[in-house]
Amino acid sequence: MRTVLEVKDLRVYYKSIWGNYKSVDGVSFKVYENEVFSIAGESGCGKSTLVDGILRLIKPPGYIPSGEIIFEGVNLLKLPEEQLREIRFKKLAYIPQGAMNSLNPVIRIEEQMIDAILDHGDIDKDEARDLALCMLKEVGLPVEVAKMYPHELSGGMKQRVIIATAIALKPKLVIADEPTTALDVIVQKGILQLLKRLKEEYNMTVIVVSHDMAAHAQIADRIAIMYAGKIVEIGSIYDIFEDPLHPYTKGLISAVPSIGKEYVKGIPGLAPSPLNWPSGCRFHPRCNYAMDICSKIEPDLKEVKPGRWVACHLYGDRQ
Amino acid sequence: MYMRLQHKLTSLKGIFRTIFTIKSLKLRVGMGILLTLIAISFLEPIITHCRLGNINPYEMGLFEKLLPPSLKHPLGTDHYGRDFLSIFLIGLKNSLVVGFLGGSLSILIAIVVSFFAAYKGGLADIILNSFTNTFLVIPSWVILASVAVYTPKLNIITVSLLIAVFNWAGAARNLRSQVLSLKERAYVDLAKVSGASDIEIIFKELMPNVLPYIIVGAANAVIGSIFFETSIGIIGLGATQYVSLGIIIYWFLTMGLIVQGYYNIILPPVIALVLIFVALNLINVGLDEIFNPRLKKITGL
Amino acid sequence: MNEFLLELKNVTKIFKVGGGLGLFSKEVIKAVDSISFSIPSDKPSIVALVGESGSGKTTIARIILGLLEPTSGEVLYRGRSVSNWLKEDKLKYYKEVQPVFQDPYSIYNPFYRIDRVLELVIKKFNLASSQEEARDLMIKAMKDLGLRPEDLLGRYPHQLSGGERQRFMLARILLIKPRLIVADEPVSMLDASLRAIFLDQLASLKDKLGASCLYITHDLNIASYIADRIIVLCHGKIVEDGSKEEVIRNPLHPYTKTLIDSIPIPDPRRRWKEPVDLTTLESFKKLKAEKGCIFSSRCPYAKEICKARMPTLTEVKPGRKVACFLYD
């Protein structure tokens with residue numbers, strides 16, 4: 001399997017008068033071609049910052065002290081701005097959180113799509129228009145939508161416009177941050193299925209970032225669990241749900257209510273602050289299985305089985 | 001941080017403590033200048049008494065006319081034979097008093113109108129809002145000046161009232177939109193289902209959160225008042241029963257004192273006015289800095 | 001003793017769109033259309049009101065809480081209309097009917113410490129005769145919920161996390177001891193790991209206080225976890241009403257079926273089988289059919305009669321109601 005994206009030890013810190021907010025503190029993972037790779041975690045774990053970091057959208061007071069982001073063999077962090085622009089949108093598309101609400105309310109849909117396409121593609125205006133209309137059809141929107149304004153569309157329709165725009169130039173990798181939050185359940189299903197279908201049709205790779213474990217269960221191939229700025233577990237979606245290894249993952253899985261499930265259990269305690277991560281393993285204050293070593297030494301993310309990575313002392317030296 | 005500020009403002013002690021530990025340099029400087037001006041203007045009776053004995057500074061012909069500055073008359077005398085330092089300080093005091101009185105009255109009217117309109121909603125809101133908008137649109141300065149011509153007694157109270165009547169609309173509009181948005185908050189609903197009455201909700205739930213806007217509105221109202229009062233004074237439509245900086249300027253404009261080079265009379269009111277406006281605007285911007293943290297220069301979050 | 005704790009009879013709420021008190025506009029929004037359901041008073045129960053956005057569920061909550069007046073229809077609490085309660089015995093009404101709101105951030109007035117939330121109800125409902133007694137009550141309520149008074153009391157809302165704030169609201173409920181709790185999506189803004197704790201504590205109030213709960217949500221997963229009975233809302237109308245097991249396992253109304261099919265199950269082995277047909281999903285903002293059954297524009301079983309007339313909510317089995325011509 002080819003690796004499309006490899007992130008090595010990425011850190012994103014924010015400077016403040018009280019110290020450094022270490023929002024992303026040493027994250028490494030690989031994303032393979034044509035898969036749906038999910039990044040899951042609760043609020044404050046750093047997943048949105050991670051995506052901003054990968055796309056080099058971090059602005060001061062945020063900065064990237066270390067790490068490598070290898071996309072198609074090129075380290076994105078070392079690229080100058082113009083070359084980055086070439087890659088953005090054409091090869092690497094981004095659907096930010098709440099994108100559907102940031103459509104320009106005074107410009108017609110068609111124009112906005114064409115603007116975006118022209119900005120990054122080397123085609124002329126007529127071709128861009130044809131492409132835009134074609135993409136609208138791809139996502140199941142009637143052609144009348146092109147001449148409408150954003151406020152005339154529902155949330156789900158706006159999100160589909162965003163998706164249509166994002167994949168117009170057939171990028172290799174699409175990163176979607178909370179693509180279905182704030183959408184109704186039936187529309188949510190439609191959007192997630194759409195993403196999966198488009199991925200197959202255009203041979204793209206999709207990274208989905210969300211706190212909704214059920215959504216991940218429905219479309220992901222592999223999933224990474226984030227906690228306190230680090231990845232604590234990576235594995236196939238089946239493995240993670242059926243046999244979670246990390247205690248946080250276990251807690252997360254059992255906390256999701258589902259039809260037919262008798263019993264849900266939360267995780268006691270509070271999420272820690274990026275200003276002051278706990279010593280050793282960051283989850284140890286809330287962990288039922290915490291041992292002595294957990295508060296002292298931070299466990300590394302290790303491949304304990306092929307394709308299964310865990311950062312936990314419970315799986316320390318077992319092979 | 002802004003929330004913490006609001007908590008400090010709940011007690012009088014808190015207010016004083018906050019003022020003196022305010023982080024905004026602009027606010028501190030502005031308040032410093034203003035307080036100094038207020039202080040020296042209110043100390044006028046003492047200053048006059050010490051230097052010149054028990055005289056009525058308004059009395060004309062006590063001294064020789066248009067004397068140059070000297071030890072006895074640091075700012076010389078004016079064309080009516082009065083000690084100009086005393087007259088100037090009285091004028092300064094009156095300008096400030098009218099400014100603050102007019103400003104306070106106008107913000108009070110604004111608070112009553114906007115809270116009532118926004119909280120009651122419905123017909124009351126439509127009527128009061130149209131009323132407010134009308135006042136915003138009419139050229140208040142022109143009308144104020146015209147009214148001033150026909151008002152028989154233009155003393156400090158009447159001028160302040162007149163100014164307040166024309167100055168409240170801007171703040172009212174601002175406050176109304178704040179109250180409109182705040183009354184939809186869930187904590188207002190929670191207060192309702194806890195049995196709180198409308199009055200309690202307005203004063204205990206809404207008012208504290210509107211306070212920053214009220215304070216800024218008040219600062220603006222004071223600036224507007226002083227501007228109004230001074231400008232009608234300068235063009236000669238001003239008060240007849242008291243001296244103010246605007247009126248002093250009117251005198252030396254009409255008496256040709258500039259051409260004759262009586263800088264001891266020309267400079268003090270002009271400098272004082274500039275200082276007042278600079279101070280008030282610094283306060284305004286400083287308040288904005290405190291209440292709107294995005295304007296603050298931050299190195300971190 | 002009235003047999004119903006809460007009874008809604010043909011409640012309708014119409015909002016006029018546009019400024020000027022709506023005097024100058026023709027457009028209206030029928031948020032809630034002829035809603036009727038009841039909650040019995042004999043045994044405390046948790047009834048889930050399930051609907052997507054625009055279904056009118058929050059409007060119903062606000063009407064029951066007396067924050068909104070219905071355009072027509074009656075809302076009876078223990079046999080007496082809510083507007084009558086509010087006019088004559090407002091405090092008594094609120095002693096028995098209390099909300100839990102959705103947004104943990106805006107339910108607190110940022111100006112005051114969180115203690116005030118509890119102090120206000122103790123004062124208004126006369127729950128204590130002295131300051132010490134009030135304090136004791138507050139501490140006990142918090143401990144009952146597993147909250148630490150030493151950590152939380154005396155703080156300002158911005159110093160607490162979202163989960164703590166929502167749970168502190170439950171302490172308020174514990175103090176008032178209402179008979180009916182109207183919970184409007186209380187966990188939708190909380191993290192997954194906190195939801196379970198909150199839901200369990202909310203459910204425990206049923207036993208602790210003997211209180212019934214109207215739980216409003218868009219999430220059928222949560223509804224199936226916490227509720228005894230499920231009422232399904234679509235575009236302001238009730239389409240189905242029945243016990244949780246019945247509605248989930250054997251949904252009658254096509255909308256309910258679509259809803260259940262669309263829930264993401266947190267199990268990769270139970271993935272969605274049927275795709276959603278995007279082209280029929282949304283034809284512009286007007287999803288609601290103009291005439292006839294509100295779901296007829298999207299319903300796979302729609303017949304002629306569905307587009308012409310509105311079906312009524314009929315009882316097909318004891319305790320089981322559905323509004324659909326398929327069952328007429």
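The values are calculated or read from the model by the stated rules, or taken from the named source; none is laboratory data. Given the structure is predicted, the values throughout are model-derived calculations rather than measurements. Positions of Cβ are backbone-derived with ideal geometry, glycine not excepted, and every protein chain shown enters the neighbour counts.
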request  = Please enumerate the residues belonging to segment A:73-89 that are surrounded by fewer than 15 Cβ atoms within 10 Å (Cβ to Cβ) and assigned to a loop (DSSP other than H, G, I, E, B).
outcome  = A:Gly73, A:Pro80
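Could you grab me the full set of residues in segment C:228-242 that are over 14 Å from C:Ile260 (Cβ atoms) and within 14 Å of another protein chain (Cβ to nearest Cβ)?
Taking segment C:228-242 as the starting set, the residues that turn out to be over 14 Å from C:Ile260 (Cβ atoms) are C:228-229, C:231, C:233, C:235-238, C:241.
Of everything in segment C:228-242, those that are over 14 Å from C:Ile260 (Cβ atoms) and within 14 Å of another protein chain (Cβ to nearest Cβ) turn out to be C:Leu233, C:His235.
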task = Starting from residues that are part of a loop (DSSP other than H, G, I, E, B) and surrounded by 24 or more Cβ atoms within 10 Å (Cβ to Cβ), keep the ones in segment C:247-265 and report whichever is farthest from the other protein chains (Cβ to nearest Cβ).
result = C:His253
query = Any chance segment C:141-150 includes a residue that's modelled with pLDDT of 90 or more, part of a loop (DSSP other than H, G, I, E, B) and surrounded by fewer than 20 Cβ atoms within 10 Å (Cβ to Cβ)?
reply = no
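Provide a single number: the residues in segment C:60-93 that are closer than 25 Å to C:Gly163 by Cα, at the interface with chain B (Cβ under 9 Å from one of its Cβ atoms) and either touching a residue at least 12 places away in the same chain (Cβ under 8 Å) or in contact with a Ser or Thr (Cβ under 7 Å, 6 or more places away or on another chain) (or both). Give the steps one after another, and end with the answer.
Pass one, segment C:60-93, residues closer than 25 Å to C:Gly163 by Cα: C:61-62, C:65.
Filter once more, so that each one left must be at the interface with chain B (Cβ under 9 Å from one of its Cβ atoms): C:62, C:65.
Among the residues that remain, those that are also either touching a residue at least 12 places away in the same chain (Cβ under 8 Å) or in contact with a Ser or Thr (Cβ under 7 Å, 6 or more places away or on another chain) (or both) are: C:65.
Qualifying residue count, segment C:60-93: 1.
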ask   = Given the residues B:Gly246, B:Gly236, B:Gly224, B:Gly256, which is the only one that is modelled with pLDDT under 90, in a helix (DSSP H, G or I), within 27 Å of B:Leu85 (Cβ to Cβ) and not β-branched (Val, Ile, Thr)?
value = B:Gly246
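For segment C:209-227, give me the residue count where each residue is aliphatic (A, V, I, L, M), within 12 Å of another protein chain (Cβ to nearest Cβ) and in a helix (DSSP H, G or I). So that I can check it myself, show each step before the final result.
Quick first cut of segment C:209-227, residues aliphatic (A, V, I, L, M) only: C:209, C:211, C:214, C:216, C:220, C:222-223, C:226-227.
Imposing the further condition that a residue be within 12 Å of another protein chain (Cβ to nearest Cβ) reduces the set to C:220, C:222-223, C:226-227.
Filter once more, so that each one left must be in a helix (DSSP H, G or I): C:220, C:222-223, C:226.
Summing the residues that are aliphatic (A, V, I, L, M), within 12 Å of another protein chain (Cβ to nearest Cβ) and in a helix (DSSP H, G or I) in segment C:209-227 gives 4.
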query = How many of the residues making up segment C:189-202 are closer than 12 Å to C:Val100 by Cβ, within 11 Å of chain A (Cβ to nearest Cβ) and either in contact with a strand residue (DSSP E or B) (Cβ under 8 Å, 6 or more places away or on another chain) or free of Cβ contacts under 8 Å to residues at least 40 places away in the same chain (or both)?
reply = 2
query = In segment A:272-294, what residues are surrounded by 15 or more Cβ atoms within 10 Å (Cβ to Cβ) and not aromatic (Phe, Trp, Tyr)?
reply = A:Pro272, A:Pro274, A:Pro278, A:Gly280, A:Cys281, A:Arg282, A:His284, A:Pro285, A:Arg286, A:Cys287, A:Ala290, A:Cys294
Matching residues, segment B:51-104, being acidic (Asp, Glu) and touching a Gly at 6+ places or on another chain (Cβ under 7 Å) = B:Glu64
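Suppose we keep only residues that are within 12 Å of another protein chain (Cβ to nearest Cβ) and in a strand (DSSP E or B) within segment A:27-59. Which one would you say is nearest to the chain's Cα centre (by Cα)? Before the answer, list the steps.
Residues of segment A:27-59 that are within 12 Å of another protein chain (Cβ to nearest Cβ), as a first pass: A:36, A:38, A:40-45.
Filter once more, keeping what is in a strand (DSSP E or B): A:36, A:38, A:40.
On the way: A:Val36: 10, A:Ser38: 6, A:Ala40: 8 Å.
Among them, the one singled out is A:Ser38.
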query = Is it true that some residue in segment B:17-29 is part of a loop (DSSP other than H, G, I, E, B) and either at pLDDT 75 or above or aliphatic (A, V, I, L, M) (or both)?
reply = yes
request  = Pairs only if they're at least six apart or on different chains, beta carbon under 6 angstrom, first in segment B:208-231 and more than 13 Å from B:Leu96 (Cα to Cα), second at pLDDT below 85; list them, first residue then second.
outcome  = B:Pro212/B:Phe291; B:Val216/B:Leu287
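Looking only at segment A:232-249, which residues are among the β-branched types (Val, Ile, Thr) and either touching a helix residue (DSSP H, G or I) at 6+ places or on another chain (Cβ under 8 Å) or at pLDDT below 95 (or both)?
Looking only at segment A:232-249, we keep the residues that are among the β-branched types (Val, Ile, Thr), and these are A:232, A:234, A:237, A:240, A:249.
The answer is A:Val232, A:Ile237, A:Ile240, A:Thr249.
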note = Checked against (1) free of Cβ contacts under 8 Å to residues at least 12 places away in the same chain; (2) buried (at least 24 other Cβ atoms within 10 Å of the Cβ); (3) hydroxyl-bearing (Ser, Thr, Tyr), C:Tyr215 satisfies every condition except (1)
ask   = So which residues in segment C:151-169 are touching a helix residue (DSSP H, G or I) at 6+ places or on another chain (Cβ under 8 Å) and either part of a loop (DSSP other than H, G, I, E, B) or free of Cβ contacts under 8 Å to residues at least 60 places away in the same chain (or both)?
value = C:Leu152, C:Leu153, C:Gly154, C:Tyr156, C:Pro157, C:His158, C:Leu160, C:Gly162, C:Gly163, C:Glu164, C:Arg167, C:Phe168
task = Pick out the one residue from A:Met135, A:Met100 that is out of contact with any Cys (no Cβ under 6 Å at 6 or more places or on another chain), at pLDDT 90 or above and not in a loop (DSSP other than H, G, I, E, B).
result = A:Met135
request  = Sort out which residues of segment B:174-189 are facing chain C (nearest Cβ under 8 Å) and either among the basic types (Lys, Arg) or touching a residue at least 24 places away in the same chain (Cβ under 8 Å) (or both), and write them in order of number.
outcome  = B:Arg185
remark   = C:Leu175 fails exactly one of (1) more than 14 Å from chain A (Cβ to nearest Cβ); (2) farther than 19 Å from B:Ala191 by Cβ; (3) under 24 Å from the mean Cα position of the chain (by Cα); (4) without any contact (Cβ under 8 Å) to a residue 60 or more places away in the chain, namely (2)
request  = Name the single residue, out of those in segment A:111-132 being of a type in the set (Asp, Glu) and assigned to a helix (DSSP H, G or I), that is farthest from the chain's Cα centre (by Cα).
outcome  = A:Asp126
inquiry  = Can you tell me which of (1) buried (at least 21 other Cβ atoms within 10 Å of the Cβ); (2) touching a helix residue (DSSP H, G or I) at 6+ places or on another chain (Cβ under 6 Å); (3) under 20 Å from B:Gly121 (Cβ atoms) is the one C:Ile63 doesn't meet?
reply    = (2)
